[in-house]
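The values are calculated or read from the model by the stated rules, or taken from the named source; none is laboratory data. What you are looking at is a predicted structure, and each value in this text was computed from that prediction instead of being measured. Cβ atoms come from the backbone with ideal geometry, glycine included; neighbour counts cover every protein chain shown. Heavy atoms of the whole protein, side chains included, go into the accessibility calculation; ligands, DNA and RNA do not. Shrake-Rupley method; radii C 1.70, N 1.55, O 1.52, S 1.80 Å.
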Amino acid sequence: MPELRRGVRVMLFASSYIPLFLILAAMSYPIQFTLYGFAIPWVTGVLLALCIIPLPLPFLIMRVRSTGTTDYEPVEEFRQRNDLVTSYLLVYVFTYLGLNYADLVSWLSFLIFFSVVAIIQLRSEQLHVNPLLALAGYDIYEVKMERGVRLVVSKHELEEQLVPPDDSDGAPDYASAERYLEMAELGNGVYITV
């Protein structure tokens, strides 16, 4: 499975912070600058653009990747890991604690911190941990399989996605205790159910 291109990874990262950008846009609206006699809330405009541009990307990637080459792997056990989404809370809390929306130094400090978070997030390739996907009903699961532990993103309950192996006649063997999961790779060992 080819790796996601750098631009796509950056847009996925940006899309995961759309709720933060919306909050910052609303809170910075009174900050206006005059340009040729017009009062322009440019900070708000930039933040709203950061919300609109990457918005469809996570859903498009999920759709495209889920139609890719699939694998059936036997599942030994699984557990839900939606707690990974809460890692984004740190940046949201930091924003409210020390950001003076009218002070350029506060914005610069925030941008430096946000850049460090972006670099870490992009290098770890944990781009499936996205609040927009959580809001759209996607869940993250840690699935133990024969070939190791995988992170799996699923729009439906994972238990509903498990299928029995085929018997010698090619029909589903519901009596078997073994269950398989059909999935496609999103990238870097992260999969999506199909």
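Pairs linking a residue in segment 74-85 that is closer than 16 Å to residue 145 by Cα to a residue that is open to solvent by 40 Å² or more (accessible area, probe 1.4 Å) and among the hydroxyl-bearing types (Ser, Thr, Tyr), with Cβ atoms under 8 Å and 6 or more positions apart or on different chains, are 74/180; 75/180. Looking across segment 104-134, just one residue is without any contact (Cβ under 8 Å) to a residue 12 or more places away in the chain, within 13 Å of residue 17 (Cβ to Cβ) and of a type in the set (A, V, I, L, M), and that is 111.
Any residue at all in segment 148-158 that is touching a helix residue (DSSP H, G or I) at 6+ places or on another chain (Cβ under 6 Å) and of a type in the set (A, V, I, L, M, F, W, C)? No; the residues of segment 148-158 include none that is touching a helix residue (DSSP H, G or I) at 6+ places or on another chain (Cβ under 6 Å) and of a type in the set (A, V, I, L, M, F, W, C).
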